[in-house]
Amino acid sequence: MNRIKRITAYPVRVPVPREVVNDPQFYDQMLHRDPKSKDWSNKSLWFGDVPFYAVKVEGDGGPAGWSDSSRMIGKEEFVREARKFIGKRLDEIDGRKAMLDVSEYNRLSKERGHQSVHHCKCLEIAALDWRALNEDVPLWKLFGEKVRDAVRVEFWSGFRTPAGAEKVAREAVAGGFIGLKLKANLDIDAGEVTKAVFRVAGPGFHLNIDPNGRWDTVELAGPRAKAMRAVSPNVLLEDPVYGNYEAVAAVRKQAGIVTGITVQTPEEVERAVRLEAADTFNIGGTFHQMIAAARAAEKHSKPVWIGSGCETGLSDLTAAHLGATLPNCTIGSDLIGNIVRADDLLVTPIQFEKGHAVVPDKPGRGIATDVAAIERHRVAEPIVVE
């Protein structure tokens, strides 16, 4: 049986222009808090300029599998984890089972009060693509039975003023999207941003505002959540406070607003449900973690969506295949890196219809990897593990 023989990581840089994400007055804002300094401001490299890996998995024969990482991984860690995949058979690659040791990342998630996804998840993605292509089956078959042909995706942007939010909402509507996700800090007037979005998008639109924990306390988050909810019932508040489910529950009750929490384990789902802190969940982590978290939420009749790190089309399309097999993946997912990055690393774009990413039924992802584009964007010599 075909086995993994070689794994190659190509360092690439595929930019995301600042203006595509933030209004100028928010150019210093990171999308996530730096876990070491606990700082929100971006004093170093803009996330859209950070290099990452395009990863190729080859076997004894047949087509290669590909993936991308969300950011550059330390060479030592990548090589160590890649070696564990060398020699694995096709039937040992299973997205429903643990292929990476996530124990340390779960510890970090608990310590930080927010998910910590395994840096080398890209190895899982490339290996799954490799298996699907060599077995001549669509990728979704490696996750389970398909329950839908297209997965809802929200249009996405970062930190916007009300005027900027209005502009982005127009773009979303013009693109056929039925929802939009925006970031928010304490300087952004969430109520006015919400008014601006619904003014141009109409009452049937959906808006998710994600402060990434920046609102810190019930006292700060509550009035902002109320201002959002006063505009429309079609608003979702994601992670107003990190790690403190009691605080999120208090905001939810105080404002009467739909809340979402980012999770990567079933235990986090159970705790949030028990405390009445969440109506829905943003699932992250490795694939077996995402599947387990989605099932835990489904048990409580809670819908989920799939988060992302603004990767390229390689990860986005893989996530869409997963979402096609999760019955409760009905909230708009964050699979938008394929649009905002300078290149999606696919030979043809992901097809969107009425705000949904169409899931191909051809082998692998159903859209071939643009190997020439990877070479164009390569910034250093490849790392080869055999």
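Restricting attention to segment 150-358, the count of lysine pairs at 8 or more positions apart or across chains with alpha carbons under 30 Å apart stands at 29.
Report, in debye and to the nearest 20, how large the dipole of the chain comes out about its Cα centre when Lys and Arg carry +1 and Asp and Glu carry -1 on their Cβ. The partial results should precede the final answer.
Working: 52 positive and 53 negative charges, 72 e Å.
Here the chain has a charge dipole of around 340 debye.
If every alpha-carbon in segment 150-358 counts as one equal scatterer, what log10 I(q)/I(0) does Debye give at q = 0.12, 0.14, 0.15 1/Å? So the normalised log intensities work out to -0.57, -0.79, -0.91.
Of all DSSP beta bridges confined to the chain, the antiparallel ones make up roughly 50%.
Using the number of other C-beta atoms within 10 angstrom as an exposure proxy, rank 116, 157 with the fewest first. Spell out each step's value before the answer.
Working: 116 19, 157 22.
With the fewest neighbours first, 116, 157 line up as 116, 157.
The alpha-carbon positions of segment 55-165 define a convex hull whose volume is 169 Å³ per residue. Relative to the longest principal axis of the Cα atoms of the chain, the long axis of helix 190-201 lies at roughly 70 degrees. Over the C-alpha trace of segment 159-216, radius of gyration and Dmax come out as 10.8, 35 angstrom. Helix 287-299 and the longest principal axis of the Cα set of the chain meet at an angle near 40°. Applying the Karplus relation 6.51 cos²θ - 1.76 cosθ + 1.60 with θ = phi - 60° to segment 309-322 yields 3J(HN,Hα) values of x, 6, 6, 8, x, 4, 6, 4, 6, 4, 4, 5, 4, 5 Hz, where x marks Gly and Pro. Modelled label positions at residue 112 and residue 275, each set 7 Å beyond Cα in the direction of Cβ, lie 1.8 nm from each other. Between the Cα long axis of helix 218-231 and the first principal axis of the chain there is an angle of about 80°, rounded to the nearest 10. Straight Cα distances below 28 angstrom link residue 5 to the lysines 56, 75, 84, 88, 97, 121, 141, 362, with same-chain residues fewer than 8 positions distant left out. The gain in end-to-end length when the residue 253 to residue 25 segment is fully stretched comes to 78.8 nm, 0.36 nm per residue minus the alpha carbon separation.
Would you mind computing Rg(Cα) / (2.2 N^0.38 Å) for segment 240-322, counting N as its residues?
Numbers: Rg = 13.1 Å, N = 83, 2.2 N^0.38 = 11.8 Å.
In units of the 2.2 N^0.38 Å rule of thumb, it is 1.11.
Taking a ≥ b ≥ c as the square roots of the eigenvalues of the alpha carbon gyration tensor, segment 222-287 is prolate, as a/c is not under 1.5 and a/b beats b/c. Here residue 358 and residue 174 are evaluated by their C-beta separation; at R0 = 22 Å the FRET efficiency comes out at 0.75.
The chain has equivalent-ellipsoid semi-axes of 33, 22, 20 Å, by the square roots of 5 times the alpha carbon gyration tensor eigenvalues, sorted largest first. Loop-located GluC sites (Glu not before Pro) in segment 133-200 (DSSP state not H, G, I, E or B) with no more than 12 neighbouring Cβ atoms inside 10 Å: 145.
Taking the Cα centre of segment 292-386 as origin, work out the dipole magnitude from +1 charges on Lys and Arg Cβ and -1 charges on Asp and Glu Cβ, in debye rounded to 20.
About 400 debye.
Using a 10 Å Cβ count of at most 11 others and DSSP loop calls, identify the longest part of the chain lacking such trypsin sites (Lys or Arg not before Pro). That would be 98-353.
How high is the relative contact order of the chain? Use alpha-carbon pairs under 8 Å, at least six apart in sequence, and give a whole percent. Show your work: numbers first, answer last.
Numbers: 849 pairs, mean separation 82.0, N = 386.
That works out to 21 percent.
Taken together, the values in this text are just the output of simple stated rules run on the coordinates, not laboratory data. What you are looking at is a predicted structure, and each value in this text was computed from that prediction instead of being measured. When we count neighbours, we look across all protein chains shown, and the Cβ atoms used for this are built from the backbone with ideal geometry, even at glycine.
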